[in-house]
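Structure first, then comments.
The values are calculated or read from the model by the stated rules, or taken from the named source; none is laboratory data. Source: prediction; values computed, not measured. No Cβ is skipped: glycine too gets one built from the backbone with ideal geometry, and neighbour counts run over all protein chains shown.
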Amino acid sequence: MCVFLYVMVKMLLVGPYCLKVMEMYQFLIVWSCWLLWCIATFFLSNNKIRLLYSTGLLLCLILLPYQVIIIDLPLNVCFIFLLLYTSCGVIYQKLPIKKYLFILFISYMYAIYFLWRLTSPVLNDFAFILIAVVSVFLLTQFTSKNKYNQIIILITGLTFGQLLFGLICLNYFLQYTINYFHYFLILFAVLLLVAIQHSWEFVIEKIESIVKVIEFKKRWNS
């Protein structure tokens, strides 16, 4: 609760200044993460998973503005946190080999897509991010039927893809061209789509169960 209040106060204090120096897509990242935190905190039924996701998203909000340089490679602190967070999650989940192959495939395609943008910048930011979000979301539908497995595969695939892209850029002395805001915007946008999809499916299931109960009562009374 104290961390939550700290984030709120900090955002209120620095908000007017951020409006002058941050671009619109950077605000989309912050508010996407904030909306995901609200969904995870208030709508997830599993207490253990709710605490895990809520704490992780809150730490993302706090760590987003900070960056460090490790071995001449600039790394966002939130990205480092997600790298460790997802690595522990994948080890804990003990996924089948097929799921690990999905993670490697997403990472590989992510790195190729960003390298293509670096060598052939034919798309503007909006088109580049939109294509990535739609492609990753559709790919996520084939990874697993379990929504929690979908989320861990998605985050791990994109995070290791960003790491692979960063290491390739480092080898060619292009590490300072890396823009982590593209990574965060794609990640949080796809997570929002996944959350909306499963929320809609949950609502539909509830409506169907209510309709079945009403029909059963009508038949019973008649």
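For segment 180-194, check the following and say yes or no: at least one residue is within 18 Å of Ile70 (Cβ to Cβ) and assigned to a helix (DSSP H, G or I). Yes: one or more hits.
Is it true that Phe137 is in contact (Cβ under 8 Å) with a residue 12 or more places away in the chain and either surrounded by fewer than 18 Cβ atoms within 10 Å (Cβ to Cβ) or part of a helix (DSSP H, G or I) (or both)? Spelling it out, Phe137 is indeed in contact (Cβ under 8 Å) with a residue 12 or more places away in the chain and either surrounded by fewer than 18 Cβ atoms within 10 Å (Cβ to Cβ) or part of a helix (DSSP H, G or I) (or both). Among the residues of segment 20-66, write down those that are of a type in the set (S, T, N, Q) and in contact (Cβ under 8 Å) with a residue 60 or more places away in the chain. Hits for segment 20-66 are Gln26, Ser32. Sub-6 Å Cβ pairs linking a first residue in segment 193-216 that is touching a residue at least 40 places away in the same chain (Cβ under 8 Å) to a second residue that is of a type in the set (Lys, Arg) and surrounded by 12 or more Cβ atoms within 10 Å (Cβ to Cβ), at least 6 apart or interchain, are His198/Lys147, ordered by first then second residue. Taking the condition within 20 Å of Leu185 (Cα to Cα) and either without any contact (Cβ under 8 Å) to a residue 24 or more places away in the chain or surrounded by fewer than 18 Cβ atoms within 10 Å (Cβ to Cβ) (or both), does Ile103 pass? When the stated conditions are applied, Ile103 does not pass them.
Considering segment 61-75, and only residues there that are out of contact with any Leu (no Cβ under 8 Å at 6 or more places or on another chain) and part of a strand (DSSP E or B), the residue that is surrounded by the most Cβ atoms within 10 Å (Cβ to Cβ) turns out to be Leu75. When we screen Phe126, Phe79, Phe142 for residues that are in contact with a helix residue (DSSP H, G or I) (Cβ under 9 Å, 6 or more places away or on another chain), at pLDDT below 90, part of a helix (DSSP H, G or I) and not small (Gly, Ala, Ser), the only hit is Phe126. Quick one: Asn179 ticks every box in (1) without any contact (Cβ under 8 Å) to a residue 24 or more places away in the chain; (2) buried (at least 20 other Cβ atoms within 10 Å of the Cβ) except a single one, so which number is it? It fails just one condition, (2). In segment 161-174, the residues that are under 11 Å from Leu73 (Cα atoms) form Cβ pairs under 6 Å with partners that are modelled with pLDDT under 90 and crowded, with 18+ Cβ neighbours inside 10 Å, at six or more places apart or across chains, as follows: Gly166/Ile178; Cys169/Gln175; Cys169/Ile178.
Residue-by-condition table, conditions (1) exposed (fewer than 10 other Cβ atoms within 10 Å of the Cβ); (2) within 17 Å of Phe181 (Cβ to Cβ):
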site	(1), (2)
Ala40	no, no
Asn47	yes, no
Tyr53	no, no
Val77	no, yes
